1. Among the residues of segment 119-138, is there at least one that is assigned to a loop (DSSP other than H, G, I, E, B) and at negative phi?
2. Could you check how many residues of segment 170-194 are surrounded by fewer than 16 Cβ atoms within 10 Å (Cβ to Cβ) and out of contact with any Leu (no Cβ under 9 Å at 6 or more places or on another chain)?
3. Keeping to segment 312-350, report how many residues are touching an Asp or Glu at 6+ places or on another chain (Cβ under 6 Å) and modelled with pLDDT under 85.
4. So, residue 54, is that one among the charged types (D, E, K, R), surrounded by 11 or more Cβ atoms within 10 Å (Cβ to Cβ), farther than 24 Å from residue 216 by Cβ and touching a residue at least 24 places away in the same chain (Cβ under 8 Å) or not?
5. With respect to the numbered conditions (1) at pLDDT 80 or above; (2) out of contact with any helix residue (DSSP H, G or I) (no Cβ under 9 Å at 6 or more places or on another chain), which one is the sole condition not fulfilled by residue 114?
6. Can you tell me which residue within segment 195-223, out of those that are of a type in the set (Asp, Glu) and touching a residue at least 24 places away in the same chain (Cβ under 8 Å), is surrounded by the fewest Cβ atoms within 10 Å (Cβ to Cβ)?
7. State whether the residues of segment 233-249 include one that is on the phi > 0 side of the Ramachandran plot and either at pLDDT below 95 or touching a Leu at 6+ places or on another chain (Cβ under 7 Å) (or both).
Amino acid sequence: MPVNAAQLAAGANYQMQSYAANDPIDQVNTDKPFMKWLLANKQEVVFGNGVFNEKVRISNDSNYQNYSGDDQVTYNRKDVVRQAPFQHYEAHDGFGLNETELANNGIILTDDREAVPTDAEKIQIVNLIKTNRAALKDGFQENWDLEVHRDGSQSSKAVPGLDLLVSTTPAVGTIGGIDASTSLYWRNNADLNISTSTEGNLTAEMEKMWRACTTYGGMIPDFIVCGAAFYDAYRKDANQQTNRQIVVTGRSGVDADASTDNVYFKGRLVVWDPTFEKLDAILGAITYPWTKRCYFLNSKTLKLRPFKGRWMIDRTPARMYDRYTHYFGVTADYGLTINKRNANAVLSIA
């Protein structure tokens, strides 16, 4: 028996729901660590009037005074908080299936509302949608991951991502409505062109950036992510400064393994993000190549904020009257916000 459009959509939605049971975008591959970190710490919000306001404390506005006896003292009104408005951005991906493709896969479409699909047709629907849905999910993740790394300059409709919020030029630009050129508190830490020719120099510079991130508010970075060149340079630096022991086994000879499973800094895992190298391939020659960069990030200050009720929505728009094509898609609405830039840092080796 033929299949009607409603049954095709039901089969497609069933397949989509099997992927989306735990929010499909959250089921990320381990080779997208920055994306995974953002998702793990996301907070849904409502963007009232199109914005979400981060509350930024800019000073203590202290009225501290010394006095003695009957000396007169003064009082002031504290004005220590500013609002940093961030916009939300929308993303879409989708696919279509025309009736010729469906027929070639053993699925006959009809407008008969009383049609009853055979078991074979049901299986074909699920198999076909499964293939397309998998490609949809992977494609969305790949492009969204690239977008949240970049500074948003590629499109007025793209979210300003990591490259702007934790910038290699921290004193440039207006981020969240606050001008970093005049607001010293609104600058992330940056240490660029670090020489790796001297043993221990990279680690020493990382120590400086770590202290800089914790200077104001004592907020310790909880995520360290970097490109391959930086990872290799730090691993070499760590190996040169680490004392190792060789354990003799019960049998003759000694086992040796020159590889390193993981590297850490301040007890935090240093994570290589392959997307850094993808960005270099896309962007070409830039002042600070992504492969040479490392970021110290704090999840309490840098947030993915999905728009409540509009995050990862499955779409099945109606067929156009003059097209025998059926559409399936997914949309996401979200923002990236930051409320304390000086708790984060970017580093780059020369």
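The values are calculated or read from the model by the stated rules, or taken from the named source; none is laboratory data. Small disclaimer: the values here were computed from a predicted structure and weren't measured. Every residue, glycine as well, gets a Cβ built from its backbone with ideal geometry; the counts of neighbours run over all protein chains shown.
1. No; the residues of segment 119-138 include none that is assigned to a loop (DSSP other than H, G, I, E, B) and at negative phi.
2. Number satisfying all stated conditions: 9.
3. Qualifying residue count, segment 312-350: 1.
4. no
5. (1) is the only condition that residue 114 fails.
6. Here the answer is 199.
7. The answer is no; no qualifying residue exists.
Let's see how each residue does on (1) more than 18 Å from the chain's Cα centre (by Cα); (2) hydroxyl-bearing (Ser, Thr, Tyr); (3) modelled with pLDDT under 95:
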site	(1), (2), (3)
163	no, no, no
167	no, yes, no
171	yes, no, no
189	yes, no, no
192	yes, no, no
201	yes, no, no
209	yes, no, no
